[in-house]
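Data block below; observations after.
The values are calculated or read from the model by the stated rules, or taken from the named source; none is laboratory data. None of these values were measured; they are calculated from a predicted model. All Cβ positions, glycine included, derive from the backbone under ideal geometry; neighbour counts span all protein chains shown. Ligands, DNA and RNA are excluded from the accessible area calculation, which covers all protein heavy atoms including side chains. Shrake-Rupley method; radii C 1.70, N 1.55, O 1.52, S 1.80 Å.
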Amino acid sequence: MASNAFGEIFRVTTWGESHGTAIGCVIDGAPPRIALSELDIQHDLDRRRPGQSRHTTQRREPDQVKILSGVYDGMTTGTPISLMIENVDQRSKDYGEIQHQYRPGHADYTYDTKYGIRDHRGGGRSSARETAMRVAAGAVAKKVLAGRLGNAFAVRGALVQVGSHGIDRDNWDWDEVGRNPFFCPDAKAAAHWDGFLDEVRKSGSSAGAVVEIVGSAVPAGLGEPIYGKLDTDLAAAMMSINAVKGVEIGAGFGAASVPGHEAADEMRLDGDKPVFLSNNAGGILGGISTGQDVVVRFAVKPTSSILSPRQSIDRFSKEVDVITKGRHDPCVGIRAVPVGEAMMACVLLDHLMRHEAQCGPLASRSTS
């Protein structure tokens, strides 16, 4: 299994399994002399941590990160940063009955087919437990980006749909995201989802979701026009998150249903500063950032681990009915919000460093 790393200059490699001793990551390419402590990373990890509401898995993991290397006297040294989180609340016995069964919607069958062996305890390497280390790496990327791009820069995420129930964008309030357990920018929608997910959980089923990630004050010029497109790497990063089945940039699939005279983002000048009149392109044109907000959405399928019996087969080619025990998210999309933020931050920093390596410092010209 060689594909455990992403990024070219700012490069992140993760390791570990859901029910192993620990999970971790190695970050290579982080610049030296960046102030960094475990507290800088812990804030984002706490937002992803399980067990914070009845709408997420009740696995009790404190997710306390440890910096093992790459930081000296509170500053990054330019050498690989190694981070680790111990697993402290595994219940492997919950998975005993499915040791030889393939859970529908999971990677059990495909893993066994490819490798001839699989860790059935919580999905092993395929578990969303791995995403904690992406969030840790993203916190490091955010710290570097804030220093390079200033206080106006931000990467923020929000849950905009649960099941078939979407938000009212007229009610969008970024401050509301931190006030409810759904990372929802619409207070009315969050209140509705609360009851909706209670019913979903009681029925033994689960719900999907749509997450939106926005990068603000992203400078123009990041990305390349062919194989290194910024949107290509963002789409790949989001698709690599567990249970994600669709990604769109800006207007996304909606762009196919509007005429060309409405789809293109027209431009004017404010003094000598270019101004876009809309942002259907999601802040990226020709694979290169425009200076507008970078907007990405991704669809997360319903959690496959549910209490309702599902038809399947086992590794001995027998038909079985599978009931998945254990502690699972009725809507895994909720905790995907900080993961999506982390992946955007890592991609943006990698592209910033790639740009500087080829073209030098970013031009001062910006857009809105």
Report whether or not T324 is outside any loop (DSSP other than H, G, I, E, B) and not aliphatic (A, V, I, L, M). no
Could you tell me which of the residues D198, D173, D168 is over 23 Å from M84 (Cα atoms), at pLDDT below 95 and open to solvent by 10 Å² or more (accessible area, probe 1.4 Å)? D198
Give the residue that is surrounded by the fewest Cβ atoms within 10 Å (Cβ to Cβ), with candidates limited to residues of the range 139-161 that are in contact with a Pro (Cβ under 8 Å, 6 or more places away or on another chain) and within 18 Å of H43 (Cα to Cα). V144
Which residue, of V322, V295, is touching a Ser or Thr at 6+ places or on another chain (Cβ under 8 Å) and surrounded by fewer than 24 Cβ atoms within 10 Å (Cβ to Cβ)? V322
Can you find even one residue in the range 77-85 that is touching a residue at least 60 places away in the same chain (Cβ under 8 Å) and touching a helix residue (DSSP H, G or I) at 6+ places or on another chain (Cβ under 7 Å)? yes
Scanning the range 65-82 residue by residue, those more than 16 Å from W15 (Cα to Cα) and open to solvent by 40 Å² or more (accessible area, probe 1.4 Å) turn out to be V71, Y72, D73, M75, T77, T79
With the structure loaded, tell me whether I306 is closer than 30 Å to A107 by Cβ, open to solvent by less than 60 Å² (accessible area, probe 1.4 Å) and within 26 Å of the chain's Cα centre (by Cα) or whether it fails that test. yes
V295: passes all of (1) in a loop (DSSP other than H, G, I, E, B); (2) out of contact with any Phe, Trp or Tyr (no Cβ under 9 Å at 6 or more places or on another chain); (3) closer than 24 Å to V177 by Cα but (1)
Test set (1) within 24 Å of V300 (Cβ to Cβ); (2) in a helix (DSSP H, G or I) - R156 fails condition number: (2)
Pairs with Cβ under 9 Å, 6+ apart, first in the range 339-356 and in contact (Cβ under 8 Å) with a residue 60 or more places away in the chain, second of a type in the set (D, E) and crowded, with 23+ Cβ neighbours inside 10 Å: E341/D44; A342/D44; V347/D233; D350/D233; H351/D233
Can you go through D321, D314, D350, D265 and tell me which one is in contact with a Gly (Cβ under 6 Å, 6 or more places away or on another chain) and acidic (D, E)? D350
Of these, R103, R121, R91, R134, which one is buried (at least 21 other Cβ atoms within 10 Å of the Cβ) and either modelled with pLDDT under 95 or of a type in the set (A, V, I, L, M) (or both)? R121
Mind checking which pairs have a first residue in the range 142-167 that is within 30 Å of A30 (Cβ to Cβ) and a second that is among the small types (G, A, S) and open to solvent by less than 30 Å² (accessible area, probe 1.4 Å), Cβ under 6 Å, 6 or more apart or different chains? K142/A345; A154/S216; V155/G215; V155/A345; G157/G340; L159/A209
Output yes when any residue across the range 106-113 is open to solvent by less than 40 Å² (accessible area, probe 1.4 Å) and at pLDDT 95 or above, and no when none is. no
Of all residues making up the range 223-244, the number that are more than 29 Å from C184 (Cβ to Cβ) and not hydroxyl-bearing (S, T, Y): 6
